[in-house]
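Notes to accompany the following structure.
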Amino acid sequence: MSRLTELLRQARKADPQLGADLEAEIAALTKRRTFGLVFEQHQPEAVELPGRPVRRGDKVRVLPPRGETKIGDQRLWRVSRIERVDGRRLAHLAELDVEEPETQIMPADDVVVVAEFRDRIYPGLVETGRVERGGDKPFHSVINAENYHALEMLTYTHRHSIDAIYIDPPYNTGAKDWKYNNDYVEGDDDYRHSKWLAFMERRLKIARELLNPDDSVLIVTIDEKEYLRLGLLLEQTFPEARIQMVSSVINFAAVARSASFGRSDEYVFFVMLGKAAPTALPLSKEWSLSSREGISKGLGWELLNRRGSGSKRSDRPNMFYPVFVSREDGHARVVSVGDPYYGDELASVDAPDACVTVWPIRSDGSEGRWKISHTTLRELLELGYVKINRWGGSSTSIYYVPKGERRKIEDGLFPVRGRLPSGAIDVDESSYVPTFVPGTAWRIPSHNATESGTNLLRAILPDRRFPFPKSLYAVEDALRFFVKDKRDAVVLDFVSGSGTTAHALMRLNRQDGGRRQCISVTNNEVSADEQAGLRKQGLRPGDADWEALGICDYITKPRLTAAITGQTPEGVSIKGDYKFTDEFPMSEGFEENAVFFTLTYEAPLSVRHNRAFERVAPMLWLRAGSRGRIIYDLGEDGWDVADSYGVLENIDQADEFVGAMSDREGVEIAYVVTDDDSAFQMVCRELPSWVVPVRLYESYLQNFEINTGRSL
């Protein structure tokens with residue numbers, strides 16, 4: 001490295017910026033892993049922001065003339081100043097990243113702002129609509145944004161607080177199904193796979209910061225194009241997680257592939273963090289590929305004898321005790337339980353009249369032990385939770401109801417009808433559906449993507465098309481394993497497409513009265529096929545007629561609105577029924593709330609001086625749980641308290657603000673707008689102990705300044 005060091009020194013001397021850039025690239029290369037998943041990072045990734053007003057200092061591209069279908073000038077320019085001439089805004093531009101930059105003057109309407117992912121952003125949100133049928137339930141949120149920037153925004157509102165992430169990312173088929181750096185990635189692109197990996201890694205790294213490290217799950221679906229690389233990427237990004245891959249049949253007919261087997265399934269990765277694990281659920285017979293061997297069809301009784309490791313008498317001497325059994329009138333029963341025996345003469349232990357003594361003797365004749373203590377067995381015997389299936393004298397096998405099965409009795413899954421002549425409980429097993437965790441090969445009819453995805457979406461949006469929507473029930477089932485017992489779960493889908501994940505959560509809430517909420521992130525991209533026609537009409541991204549056909553405005557928002565109201569966008573009742581787990585007419589809708597936002601890009605000075613409060617306000621509401629109203633205006637008093645949070649700007653009104661916070665139930669966060677640390681501390685001391693104080697705009701600005709250093 002000494003020769004390289006000397007060359008770097010010379011480069012820095014001749015051109016300090018060149019030297020610094022070379023040093024940064026060399027440092028990145030030396031840190032690159034030499035084994036595992038190695039790929040090009042393809043820096044920088046960038047996104048165009050149509051509709052964002054052009055400001056001095058912005059990075060922009062010049063748009064092609066209206067009516068032009070070819071890709072425009074991809075060079076980046078810096079806006080040195082904005083001037084008004086005859087009522088028109090003109091942008092003075094200087095070319096970026098070249099030794100001798102060109103300059104030009106363009107109408108501001110003919111340039112588009114570009115954000116590179118290494119650039120610092122200060123996000124806000126503008127509400128674009130809502131639908132309310134859920135009373136005081138939390139709102140589902142839909143955010144129209146580039147998902148990388150939306151994830152950055154969520155680090156302020158939901159860091160380490162997401163219970164589950166479900167994403168169906170681009171499958172990288174080469175059929176113009178996704179963009180990298182504003183260009184569609186096609187099948188003949190030599191860097192197609194590494195671009196996809198760079199795209200995914202950047203987003204997964206932020207997703208990791210959002211997930212609850214103690215108990216959460218990331219669910220990712222993929223097909224054969226990228227599943228191997230995705231698996232390695234997930235292992236490298238989440239080294240502490242437990243990762244499983246499920247094969248899920250989504251097309252029973254199989255899609256024909258030239259010179260290949262027909263494709264009928266896709267793959268679902270489950271990345272489990274902390275104590276997250278699939279919950280055993282009452283599942284139908286389709287969930288088991290075998291003859292259901294090992295899955296209890298009724299109340300599960302367990303053999304009292306300990307087997308396998310740790311089964312010797314010497315392993316747990318206090319678990320070696322006699323059990324006294326008898327057989328009267330043809331009915332075998334356990335009569336009583338003795339105390340632990342530490343002696344060697346088993347025959348010296350006397351049995352009650354008409355009883356036989358049973359010891360925990362192993363199959364090889366050696367002395368073993370029981371699974372539970374003598375006191376626990378006595379308690380279970382009193383409750384009727386001990387029985388004998390078949391008489392065997394001193395070798396009789398004894399069974400008991402283990403803890404998990406006892407819980408099923410307590411929960412009413414096995415109604416107790418009485419006692420059998422043997423003294424054991426008699427339960428009704430006729431309506432019991434077994435609970436179990438399935439294997440990793442799913443062949444479930446409801447997961448058919450055509451019937452439960454495409455056709456279901458067509459019923460909701462009859463005249464609109466979206467390519468390859470997921471089966472609603474497949475998403476619902478995958479999430480149920482992890483949020484069944486979390487009725488207030490927060491779920492994120494940052495590649496939400498048509499909005500299936502939010503729709504699935506609505507169904508889960510209806511089934512158990514839950515208050516789960518979904519944050520759905522999607523852009524407003526127009527399909528590649530439609531873009532050419534729109535450009536010929538002289539339209540551009542940002543124009544109202546163009547944006548009206550984007551994914552978010554044309555599919556996602558209308559779908560979720562229709563799902564909640566039970567009516568199509570045309571106001572007609574949706575035809576057809578939901579099926580499988582919960583069957584009811586789709587026209588009934590859901591008692592849910594949803595709100596729609598578009599991500600904005602704010603100037604830090606405007607934020608610091610409280611001039612961007614109206615756009616930052618929805619983020620404060622999201623951080624406080626997405627409940628109730630959003631505080632958009634602090635009024636003349638300079639403070640307000642809503643359902644779950646309050647905002648104080650006028651410190652002179654602190655006493656009134658604190659009083660209102662103390663009187664309002666359910667308020668959890670107090671945002672205090674001040675640059676004065678002593679004033680902030682004064683308010684903190686007065687607030688109720690259950691309220692979390694947050695200082696604005698210090699916490700906001702610091703969050704996004706730190707994020708700028710993220711590895712890209």
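The values are calculated or read from the model by the stated rules, or taken from the named source; none is laboratory data. Quick caveat, the model's predicted, so the values are computed rather than measured. Methodologically, a virtual Cβ is constructed for each residue, glycine included, from the backbone with ideal geometry; neighbour enumeration extends over all protein chains shown. Note: areas computed on protein heavy atoms with side chains; ligands, DNA, RNA excluded. Shrake-Rupley method; radii C 1.70, N 1.55, O 1.52, S 1.80 Å.
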Worksheet item: Looking at Asp488, Asp545, which one is over 20 Å from Leu599 (Cβ atoms), of a type in the set (D, E, K, R), open to solvent by 20 Å² or more (accessible area, probe 1.4 Å) and without any contact (Cβ under 8 Å) to a residue 24 or more places away in the chain?
Response: Asp545
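Identify, please: which residue in the range 551-610 is among the small types (Gly, Ala, Ser) and touching a residue at least 60 places away in the same chain (Cβ under 8 Å) and is, among those, farthest from Asp136 (Cα to Cα)? First the steps, then the outcome.
Within the range 551-610, the subset among the small types (Gly, Ala, Ser) is 562-563, 566, 571, 573, 576, 587, 589, 594, 603, 606.
Okay, now just the ones that are also touching a residue at least 60 places away in the same chain (Cβ under 8 Å), so 562-563, 576, 589, 594, 603.
Numbers: Ala562: 20, Ala563: 18, Gly576: 29, Gly589: 17, Ala594: 12, Ala603: 34 Å.
The selected residue is Ala603.
Could you tell me whether Tyr554 is among the aromatic types (Phe, Trp, Tyr) and open to solvent by 30 Å² or more (accessible area, probe 1.4 Å)? Even if it seems obvious, please write down each step before you answer.
Details: among the aromatic types (Phe, Trp, Tyr): yes; open to solvent by 30 Å² or more (accessible area, probe 1.4 Å): yes.
The answer is yes for Tyr554.
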Item to complete: Have a look at Ala504, Ala459 and point out the one that is in a helix (DSSP H, G or I), touching a Gly at 6+ places or on another chain (Cβ under 6 Å) and at pLDDT 95 or above.
Response: Ala459
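Looking at Gly513, Gly418, Gly412, which is the one that is over 24 Å from the mean Cα position of the chain (by Cα) and modelled with pLDDT of 95 or more? I'd like the intermediate steps shown before the answer.
Details: Gly513 fails: over 24 Å from the mean Cα position of the chain (by Cα); Gly412 fails: modelled with pLDDT of 95 or more.
Just a single option satisfies the conditions, and that option is Gly418.
To keep it simple, each residue is scored yes or no on (1) open to solvent by 60 Å² or more (accessible area, probe 1.4 Å); (2) closer than 17 Å to Asp477 by Cβ; (3) at pLDDT 95 or above; (4) of a type in the set (A, V, I, L, M, F, W, C).
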{"residue": "Met245", "(1), (2), (3), (4)": "yes, yes, yes, yes"}
{"residue": "Gly262", "(1), (2), (3), (4)": "no, no, no, no"}
{"residue": "Tyr267", "(1), (2), (3), (4)": "no, yes, yes, no"}
{"residue": "Ala276", "(1), (2), (3), (4)": "no, yes, yes, yes"}
Item to complete: Find the strands (runs of 3 or more DSSP E) located wholly in the range 580-648 whose residues include 2 or more that are among the β-branched types (Val, Ile, Thr), and list them.
Response: 593-601
Worksheet item: Which one of Glu293, Glu286, Glu328 is under 22 Å from Arg378 (Cα atoms), modelled with pLDDT under 95 and not aliphatic (A, V, I, L, M)?
Response: Glu328
Response to the item:
the range 37-120: strands (runs of 3 or more DSSP E) wholly inside it with 1 or more residues that are touching a residue at least 24 places away in the same chain (Cβ under 8 Å) and open to solvent by less than 30 Å² (accessible area, probe 1.4 Å) are 46-49, 59-62, 77-85, 88-95, 111-116
Worksheet entry | Within the range 576-595, tally of residues that are open to solvent by 10 Å² or more (accessible area, probe 1.4 Å), at pLDDT 95 or above and in contact with a helix residue (DSSP H, G or I) (Cβ under 6 Å, 6 or more places away or on another chain) | 1
Worksheet, complete the sentence: Of the residues in the range 417-440, those that are open to solvent by 40 Å² or more (accessible area, probe 1.4 Å), over 25 Å from Arg306 (Cα atoms) and of a type in the set (A, V, I, L, M, F, W, C) come to Leu420, Val433
Item to complete: Could you give me the residue pairs with C-beta distances under 6 Å whose first residue belongs to the range 418-435 and is under 12 Å from Lys408 (Cα atoms), whose second residue is open to solvent by less than 70 Å² (accessible area, probe 1.4 Å) and β-branched (Val, Ile, Thr) wherever it lies, and which are 6+ apart or on separate chains?
Response: Pro434/Ile295
Item to complete: Can you tell me which residue within the range 600-659, out of those that are exposed (fewer than 15 other Cβ atoms within 10 Å of the Cβ) and basic (Lys, Arg), is modelled with the highest pLDDT?
Response: Arg629
Worksheet entry | Scan of the range 332-361 for residues that are open to solvent by 70 Å² or more (accessible area, probe 1.4 Å), farther than 15 Å from Asn318 by Cα and part of a loop (DSSP other than H, G, I, E, B), ordered by number | Glu345, Asp350, Asp353, Ala354
Fill in: Residues (buried (at least 19 other Cβ atoms within 10 Å of the Cβ) and over 19 Å from Phe482 (Cα atoms)) located in the range 497-530
Gly497, Ser498, Gly499, Val521, Thr522, Asn523, Asn524, Val526
Practice prompt. Read through the list (1) in a loop (DSSP other than H, G, I, E, B); (2) open to solvent by 30 Å² or more (accessible area, probe 1.4 Å), then give the number of the only condition that Phe414 fails.
Written response: (2)
